[in-house]
Amino acid sequence: MSSEPDRANKFSFGRDLRVAILVTVFTISAYGFYQYHKARFEAAPKEGTLVVNINTATTEEIDTVPGINPIQAMQIASNRPYRSIEELDMIPGIERTQLAALRPYVKLEGQTERR
């Protein structure tokens, strides 16, 4: 007779333990996700802080150029190599009139560098 309550307590304890483990794993995962994105955001260069070589820069570096969005950055990277900055006007959304504004932030030779 005393075995029924013991069995119920064992199942209850096992279920509670599983819930506690799931909550702990979720909390640790959520915190790790937050820390990863926080570090990634803080490490990313801010808009306009780089002069990028459009022939060698990563899409993240190209995306820091004012007026360039992430999709345009990917298109710029996939259409390499460039012989002149004027070739950027073949990227959808970049007009010839924008090229003057882009010039201080892009180059064709050398390494990407901070402004």
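Structure notes:
- Of the candidates 97, 59, 64, the single residue that is in contact with a Ser or Thr (Cβ under 8 Å, 6 or more places away or on another chain) and not aliphatic (A, V, I, L, M) is 64.
- Residue 109, sole failed condition from (1) within 25 Å of the chain's Cα centre (by Cα); (2) in contact (Cβ under 8 Å) with a residue 40 or more places away in the chain: (1)
- Any hit, segment 48-59, residues being at pLDDT below 75 and either part of a helix (DSSP H, G or I) or of a type in the set (A, V, I, L, M) (or both): no
The values are calculated or read from the model by the stated rules, or taken from the named source; none is laboratory data. Worth saying up front: this structure is predicted, and the values here are computed from it rather than measured. Reconstructed Cβ throughout: ideal geometry from the backbone, glycine too, with neighbour counts over all protein chains shown.
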